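As structure tokens, the structure follows; a few thoughts come after it.
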Amino acid sequence: CNLVSVVILLLLEVDSGAGFHSSVRQHHNRIRVSRWIQSKHRRPSNLLASSNDSNNEDDGSFDLEERDWRAFRARLVQQEQDQQSTSASPTTRLSLNDDSTVTRWAYDAGMNIEVGTVLLSIPTTDLCQALEQQYFHRCACLITHCDNENGVKGILLNRPTAFMYKAADDDFEWSLWFGGNMYENHIDDDSEITCLHSLTSLQAKNVSTVIERGLYFTNLARARTLVKKKLAKPKDFWCFGGHCKWFPGQLEQEMGPERGEWFGVSMDAATILEQLRQQELAGATAGLDMWELFVDRIDKHEEALSRIPRGQLRFYDRMLQAWVNSNLVLASDEVTANITSSKANLGPGTIVRARVKGKDGTTCPPFLLSEQDFHRSLVLVLSDDETASIGVHLNLPLSGVIEISDTIRLPIRYGGPTDPEETNDEEAFVWIHRSRALQKAGEGTPLGKSGFSTIKEDDAVEALHSGKASPDDFMIFSGICIWEKDEDFGLVGGGLAEQVQELESMEVVSSNKAGTIWNLLNRQEVLTSDTLESNIDIAIASWEAASDEDDNVANEENAAVAEDLLLADAALRAWAAVSLLDEPTTTLIEVPEG
């Protein structure tokens, strides 16, 4: 597996924004440290003790040029904690060497973000960590750059992968970690790979940047040079593809009292290196053990998990694990035949539905980690030409209605993310009817021979007022879905055909299912917090009714597939709460234990 394919797999999008001002730098002197200690809201807690704690008094003297100034600050933090403690039990001590050098320490750094700070993400109730950028859930991010002009950069410490990199011009293999979703230059540039190490030779230090005493970083190009010169070995480095970035002001907002999405932790290098070694032995995991240890070190475990119920935390954890399985673990070599062996008919009036199993029948649902609106979806094709396939979601109601009269109110459905007017359609909404009377009268434009027709809004309103049609004959959609086509897109040129024939994420529904689907969907109500569950249940029921096979996964031999399907159902509910209902913080989404 080469670097290009691996890093492409790991590369994800990130929202742009503003970053954070660093108020603490490595060159700051004792005065800055003293001011930091006086800040009462940065209360230190549980600095790790060792079995050979020293009870000797210490005058606090410390040679900042010979020893780590962070350890000196940790000692001052501990002294403040001891002085403020009113408990009768002894205060936890720092770990000390025989020469009173601090060896193990950790404390809550508050808003003091600097190179070497470890950011710990806090699970929040807004559902975002479950629906997108799942890799940020319960992550530990080591800050490697921090300045006022460029903001903050860091690498995720607890996202090891199963991938190895071997360059074309040498025989060395390097284990890769997912460092984040951002790259400054080209993704196959060795300079984009950050390599952590603890090498202390002069040659290694000359090509490295110090993070704190005993912990350094360089890039892969320089690490390879050290190895070629036999000054180091590949196993001396932890290689991180990509990084995380906050623009000036962004991280400050995310850590502030209104959002409170991160803890800042200052800790010794030995603990970080020890955890990296343990994760390396464990392989590609979600990295929750490292996160748990770090929050415990600053006595923040209860606070970090206090915002959300246990069932919702399981939802977040399982979405993270699904992301790890899909992105950081080597894919199976198993090859299966395409389910769709011939070209699918995707003309107007065709209904396609999302598949809930991967191509090999054992992977997670295709729309679990992104585009969750397509999970269990039913899409009605409106048009399919050489430029694009266009359709509407059938089974996702919105929270709005159109009032035709005092007694006639038609619910609006989510058709897709694109405004129909962007396709030169003069109508703000897409109106669909299945009235035989209107079809015989020539009202509307038939969508093939499906029994569906599009109709102008004015014509539909007139038919309702005149009694030619009933409210159950119509569905109104806000937005449309577009799958563009081009000869360079995918294997068959994009469009819905790519989804059906090659990606196998969707399948064609038999035309004789249309009436059953329509009748089921007419039972859906206007979307509210009270009707969310029932509306999604009907959406799933209509999806199941569209199948020619038994979709009951409760009896599946593969229990993992059944669990992933339940997880994807929860993700669909979460997506609806965020995107359709706009109530992400008040909607409880949980998954059962087991």
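Laboratory data are not the source of any read-out in this text; all were calculated from the coordinates shown. As the structure is a computational prediction, the values presented were derived from the model and not from experiment. Because the Cβ atoms are built from the backbone with ideal geometry, glycine has one as well, and the counts that use them run over all protein chains shown.
Points worth noting:
- Protection-proxy order for peptides 313-322, 154-163, each taking the mean of Cβ atoms within 10 Å per residue, highest first: 154-163, 313-322
- Put simply, the amide H of Leu157, placed in the peptide plane, has neighbours under 5 Å in Ala140, Cys141, Leu142, leaving out anything fewer than 5 places away on its chain.
- Amide H contacts of Arg104 (H built 1.01 Å from N, in plane; Pro and chain starts excluded): Ser95 sit under 5 Å, all sequence-distant by 5 or more or on other chains.
- Enclosing the Cα atoms of the range 379-510 in their convex hull gives a volume equal to 117 cubic angstrom per residue.
- In sequence order, the range 479-485 has phi-based couplings of x, 9, 9, 10, 10, 5, 10 Hz under the Karplus curve 6.51 cos²θ - 1.76 cosθ + 1.60, θ = phi - 60°, and Gly or Pro positions carry x.
- What the phi angles of the range 541-547 give under the Karplus curve with 6.51, -1.76 and 1.60, with θ = phi - 60°, is a coupling list of 4, 5, 4, 5, 5, 7, 9 Hz, glycine and proline written as x.
- Highest mean packing comes first when the peptides 289-299, 539-549, 249-259 are listed by Cβ atoms within 10 Å, giving 289-299, 539-549, 249-259.
- Amide H contacts of Ile122 (H built 1.01 Å from N, in plane; Pro and chain starts excluded): Trp262, Phe263 sit under 5 Å, all sequence-distant by 5 or more or on other chains.
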